[in-house]
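Here is the structure we will look at.
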Amino acid sequence: MSQKKSFQGLILTLQEFWAAQGCVILQPYDMEVGAGTFHPATTLRALGPKPWKAAYVQPSRRPKDGRYGENPNRLQHYYQFQVILKPNPPNLQELYLASLDAIGVDLKLHDIRFVEDDWESPTLGAWGLGWECWCDGMEVSQFTYFQQVAGFECAPVAGELTYGLERLAMYVQGVENVYDLDFNGAEGADRITYGDVFLQAEQEYSRHNFEAADTAMLFRQFTDAEAACRSYLDAGAPAAETERHRMAQPAYDQCIKASHVFNLLDARGVISVTERQSYILRVRELAKACGAAWLRTAAGGA
Amino acid sequence: MPDLLLELRSEEIPARMQRRAAEDLKKLVTDALVERGFLYEGAKAFSTPRRLALHIAGLPARGEAVREERRGPRVGAPEAAIQGFLKGAGLASLDEAQRITDPKKGEFYLAVIERPGRETLDVLAELLPEIIKSFPWPKAMRWGAASAQPGALRWVRPLQSIVATFGPETETPEVVPFAVGGITAGTVTYGHRFLAPGPIEVRRFDDYIQALERAKVILDADRRKDVILHDARDLAFARGLDLVEDEGLLEEVAGLVEWPVVLMGSFDAAFLDIPAEAIRATIRANQKCFVLRKSVSEELAPAFILVSNLVASDGGQAITAGNERVVRARLSDAKFFWETDKAIRLEDRLPKLDAIVFHEKLGTQGERIARIAALAQELAPLVGADPALAERAARLAKADLVTEMVGEFPELQGLMGRKYAALQGEHPSVCAAIEEHYKPVGPSDRVPSDPVSIAVALADKLDTLVGFWAIDEKPTGSKDPYALRRAALGVVRYVLDGLRLNLTSNFDPHFELVDKAIVATQIANAPPGAHAFAHGIGRVDWGGRLVNLKSLDLLAFFADRLKVYLRDQGARHDLVDAVFALPGQDDLLLIVSRVGALQKFLETEDGKNLLAGVKRASNILRIEEKKDGRAYDAAPDSALAASGEPAERALAEALAGAAATASQAIASEDFAGAMRALSTLRAPVDAFFQDVTVNAPDPKLRENRLLLLNALRAATRAVADFSKIEG
């Protein structure tokens, strides 16, 4: 296995590719999130008039998708490679295809298709139009033109690319089970697989997500995060029309936290169908309030 | 005559929107041209994943000149009127107007306005950008730097280029001069994204479509469909297999490729344990591939057809292998669902349905199932089904909604339930009913014949209708979110297949059952301390029975559905009204045979004349009853009639005989016999109206003659309310 085709090689290639397109290469956000979109570098930076180009890996947690390490495709913790370009350049599709070429997908051999997929995040109050990108019938990325985030129209529109790194790597390496992925491209005793790194974690977190997570604590944490988000927004609120908001990002952290806690409660099966909707709405209200605050900051264009 | 070529090239358009968009483009442009007086010889629109194209042939190079005469005010009219005339006609002064003399009214001003025909090119440059800006996409978006500005162009996905040329065949056409959203119309397009990505210079439609074909783009979606279908059939045939054809999938796939390349992949035959429908659903929905079956067999083959968009340098090996991998993963999931589902008996799934809300006012799925089971059990003897089997089938009918397989593929509801029921050894009729109780799903779908299926299907549909009627969620106009019209039409079709049901007798107790559920749901959802209010049920006397008002309203809905159905079958809707107008009519089958006999009768001379006579009698009665302020509804005095004029006597005798025969025939449901009995009245009725003066000077005689007419009306009312019949 060449270094380039290894899991980490894939990440390195994508970083290099997008760095060459003028993106700042960021590191994962240091909080638990459900998708790369939650990173403030996407959610908040997609708002406001200022241009922005960034790329980063984001570990993503979907507590409900845990399968105790027994399913070859499903994980409760996986990686997304996220690219955001605001405004989207006119050749974003071509750039995306070039990035596939860079990671070793030969476009003369493989059938790449853009298949309708309208993206919506009810918790973030966000939606956009775009596609699932298929490689020989497999979805390997999502491609979205953000139209609205946190309830605000995106002006200008940002283009967002999300690569499912495990899937892409499985494809590039020709592997059927995610745990068999070659992680580091080394030989012999130095060879590390995805399973070496994550199998035990998948087993432990599946137990935690479905069986052990302390629901009383989580309910408290949800309420606490919601209250903290509101109080930070109040504390940082501008005193006058001409002033800026001073604490949009710490407030948004609490919104992220509430969202993740909700996902855990959902995995534990303690939220009924009707309650579910109201929790989603509560998180969306936080996201909207944070978005509004961000638009009153310097980076938000105020 | 010159042609227009228009191409709007964008990033990938969702497959489901392409055909409609092409048609919209054609309609919008041709309508706008016709509206401005530009007629054309022909127009055709095309779509691919990356472009909409329009060709309009035979447009004039310029519009026709317009000459308009506008009559103004009288010479010497007030200044304001003159100024208004000059302004309206666009004249600078009265010197530009003519004077005409009207022999009656004197001298008038006349403006002759002449407008030369406009250049078609200019008109196109004016209307095309407007059409593009307001194009009716189901969902449109903004993009790029321009999206920072309000009012930025919206398109289904980013619009990349516009080709717009106009000119005659023999000359180089001109570019239609316009720009929209920062894109200037020109003559350059691009070929296939991967196979021929370079720019192409085009002039007019003929060379455009050929150039695209060289650049690996088949412009016409129907041609792409043909290519896919033929290549797929050939590939299948070569392996001794048959393509399972699927028009919906074919249409979608043709919207995903500009240059279809058909390939065949295979999967492990061990997956064929999974029900064929589930394999097909998996491969179709997730992979947009076609399944294959063994030749002259219903059995699926372990192979599939995929349609790629690429002529690959390895002949498609890598593409096929990639698709096989994904199909394998998907089928592994399906197999997992199938195995997991089989491990749980259907009745053990029922508690889950207790937790699923069917409708916020009507309670849970579990409660609904209990109601359907009770109703199915009651209906069973009426349709010749075993009540225990009907109850069992109804209990299990919705259990597959919480299986993994139906969760993944909702379109397999019923069918999977049937499979799981068969595996757990249920009675064959129970298995059949689990699948068939959803039928008929459309006008061409058949009605099942197993009595158990019929009992469950009726119970399911009647519960739905009664439920939504109870909470006043009836269809309005084009809005019918719960498909209640379809449910009622379904019941109509079952009944007309030969079922005798008094609908209101079934509605009434079920309304009570549903009302209990509504109250229980209200109490369950009410905040502490709130009061729940029982649904009051108003009852009315209807043909001698007390009937729930909502039952009658629902019956009227059935009457409407029946009318629609019978009208489609060629029956007259006024006859349906005439029969429904009689009280106590809720047996649809009887109503239909009554309508049939009535229609036949009214086609005869006797029928037509009798109808005319009855209408005349009704009119006279209406007028006289109004005049006298009383009803003439007593029985006529036969002795008095016997002593009257011969025609009067004859009618009284004929009426007594015919009424008795007709009501006897009705009692034994012999409607043709009843009509025959009534037809004997024709001659006496005609003679009566010819010879007898109803409004006789002797009040006694007059009253008795009116009562005779009423007896005629009453006799015919045994079969229908003749006053509702047209003609």
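The values are calculated or read from the model by the stated rules, or taken from the named source; none is laboratory data. All values reported here derive from a predicted model rather than from experimental measurement. Methodologically, a virtual Cβ is constructed for each residue, glycine included, from the backbone with ideal geometry; neighbour enumeration extends over all protein chains shown. Quick note on the areas: whole protein, heavy atoms, side chains included, nothing else; ligands and nucleic acids left out. Shrake-Rupley method; radii C 1.70, N 1.55, O 1.52, S 1.80 Å.
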Original post:
Between A:Thr193 and residues 5 or more places away or on another chain, which pairs have amide H atoms under 5 Å apart, with H built 1.01 Å from N, and which residues are they?
Top reply: A:Phe183
Subject >> Farthest positive-ward along segment A:214-294 dipole, Cα basis, beta-carbon charges - from A:Leu264, A:Ala237, A:Ala225 >> reply: A:Leu264
Original post:
Rounded, prolate or oblate: which fits segment B:448-490 when a ≥ b ≥ c are the square roots of the eigenvalues of the alpha-carbon gyration tensor, with rounded for a/c under 1.5 and prolate only if a/b beats b/c?
Top reply: oblate
Original post:
Mind ordering A:73-82, B:595-604 by average Cβ neighbours within 10 Å, highest first?
Top reply: A:73-82, B:595-604
**OP:** Compare the peptides B:643-653, A:204-214 by average per-residue count of other Cβ atoms within 10 angstrom and give them in order, highest first.
**Re:** B:643-653, A:204-214
**OP:** Mind listing, in residue-number order, the residues in segment A:106-125 that have at least 20 Å² less accessible area with every protein chain present than in their own chain alone (1.4 Å probe)?
**Re:** A:Leu107, A:Lys108, A:Leu109, A:His110, A:Asp111, A:Ile112, A:Arg113, A:Phe114, A:Val115, A:Glu116, A:Asp118
Subject >> In segment B:228-306, GluC sites (Glu not before Pro) in a DSSP loop with at most 14 other beta-carbon atoms within 10 Å >> reply: B:Glu245, B:Glu298, B:Glu299
Subject >> Rounded to 10°, Cα long-axis angle of helix A:92-102 versus longest principal axis of chain A >> reply: 40
Subject >> Carbon and sulfur %, accessible surface of segment B:173-216 computed with the full protein complex present, 1.4 Å >> reply: 53
**OP:** Return the residues of segment B:249-265 for which accessible area with all protein chains present is lower than in the chain on its own by 40 Å² or more; set the probe to 1.4 Å and exclude ligands, DNA and RNA.
**Re:** B:Leu256
Subject >> Accessible area that becomes buried as B packs against A, both chains, 1.4 Å probe, Å², nearest 100 >> reply: 3200
Original post:
Full extension from B:Asp541 to B:Gln424: what is 0.36 nm times the residue separation minus their Cα-Cα distance, to one decimal in nm?
Top reply: 37.2 nm
Original post:
Based on the alpha carbon coordinates of segment B:221-342, what radius of gyration and maximum Cα-Cα distance (Dmax) apply, in Å?
Top reply: 14.0, 45
**OP:** Report the paramagnetic label zone for A:Glu211: residues of segment A:49-84 whose backbone N is under 20 Å from a point 7 Å from Cα along the Cα-to-Cβ axis.
**Re:** A:62-72, A:74-77
Original post:
Within the accessible area of segment B:612-727, what % is carbon and sulfur when the probe is 1.4 Å and the other protein chains stay in place?
Top reply: 53
**OP:** Give the calculated FRET efficiency between A:Glu275 and B:Asp348 to the nearest 0.05, with a Förster radius of 25 Å applied to their Cβ-Cβ distance.
**Re:** 0.45
Subject >> Check: segment B:170-298 dipole with +1 on Lys, Arg Cβ and -1 on Asp, Glu Cβ, in debye >> reply: 340
Subject >> Max mean-square fluctuation residue, GNM over chain A, Cα-Cα springs under 10 Å, options A:Met170, A:Met217, A:Met138 >> reply: A:Met217
Subject >> Loop-located GluC sites (Glu not before Pro) in segment B:1-101, at most 15 other Cβ atoms within 10 Å (DSSP) >> reply: B:Glu41, B:Glu64
Subject >> Cα-based equivalent ellipsoid of segment A:214-294: semi-axis lengths in Å, sorted from largest, via gyration tensor >> reply: 27, 12, 8
Original post:
Cα centroid distance between segment B:330-404 and segment B:545-587, in Å?
Top reply: 32
Subject >> Anisotropy class of segment B:604-724 from Cα gyration tensor, a/c 1.5 cut >> reply: prolate
Original post:
So what are the protein assembly as shown's ellipsoid semi-axes, whole angstrom, largest first, if each one is the square root of 5 times an eigenvalue of the alpha-carbon gyration tensor?
Top reply: 64, 46, 32
**OP:** Output the DSSP H helices from chain B with an along-axis C-alpha extent of no less than 24 Å and a mean Kyte-Doolittle hydropathy no less than 1.0.
**Re:** B:451-470
Original post:
Across peptide B:287-296, what mean number of C-beta atoms from other chains lies inside 10 Å of a residue's C-beta?
Top reply: 1
Subject >> Rounded to whole Hz, the Karplus (6.51, -1.76, 1.60) HN-Hα couplings of segment A:34-48, x for glycine and proline >> reply: x, 6, x, 4, 5, 3, x, 5, 9, 4, 6, 5, 6, 9, x
Original post:
Taking each residue of A:259-269 in turn, how many C-beta atoms of other protein chains fall within 10 Å of its C-beta, and what is the average?
Top reply: 0
Original post:
Heavy-atom accessible surface, probe 1.4 Å, ligands and DNA/RNA ignored: which residues of segment B:142-172 lose at least 50 Å² versus the isolated chain?
Top reply: B:Arg142, B:Arg157
**OP:** Tell me the Kirkwood hydrodynamic radius of chain B in angstroms, computed as one over the mean inverse distance between distinct C-alpha pairs.
**Re:** 33.3
**OP:** Note down the net charge around B:Ala385, summing +1 for each Lys or Arg and -1 for each Asp or Glu among other residues with Cβ under 13 Å from its Cβ.
**Re:** -4
Original post:
Suppose R0 equals 35 Å; then what is the FRET efficiency for B:Ser295 and B:Tyr482 from their Cβ-Cβ distance, rounded to the nearest 0.05?
Top reply: 0.20
**OP:** Calculate the spin-label point distance for B:Glu339 paired with A:Leu109, positioning each point 7 Å from the Cα along the beta-carbon direction, and give it in nanometres.
**Re:** 3.3
Original post:
When the chain is fully extended, how far beyond the present Cα-Cα distance does A:Gln21 get from A:Ala235, taking 0.36 nm per residue of separation?
Top reply: 73.2 nm
Original post:
From the square roots a ≥ b ≥ c of the eigenvalues of the alpha-carbon gyration tensor of segment B:348-577, which class results: rounded (a/c under 1.5), prolate (a/b over b/c), or oblate?
Top reply: oblate
**OP:** Order these peptides, B:355-363, B:166-174, by their mean beta-carbon neighbour count within 10 angstrom, highest first.
**Re:** B:355-363, B:166-174
**OP:** Would you calculate the separation in nanometres between label points at B:Val441 and B:Ser93, each defined as 7 Å from the Cα along the Cα-to-beta-carbon direction?
**Re:** 8.0
Original post:
Which FRET efficiency value, to the nearest 0.05, do you get for B:Arg622 and B:Asp560 by plugging their Cβ-Cβ distance into 1/(1 + (r/R0)^6) with R0 = 35 Å?
Top reply: 0.80
Original post:
Tell me, what is the per residue accessible area of the protein assembly as shown in Å², probe radius 1.4 Å?
Top reply: 44
Original post:
For A:128-137, what's the mean count of beta carbons from other chains sitting within 10 Å of each residue's beta carbon?
Top reply: 6
Original post:
Among the listed pairs B:Lys288/B:Lys352; B:Lys361/B:Lys550; B:Lys352/B:Lys419; B:Lys27/B:Lys216, which are separated by more than 23 Å between their Cα atoms?
Top reply: B:Lys288/B:Lys352; B:Lys27/B:Lys216
Original post:
How big is the accessible area of B:Arg67 in square angstrom, nearest 10, if you roll a 1.4 angstrom probe over the protein chains?
Top reply: 140
**OP:** Along Cα→Cβ, 7 Å out, is where each label goes; now give me the distance between the ones at B:Glu68 and B:Lys105 in nm to one decimal.
**Re:** 1.9
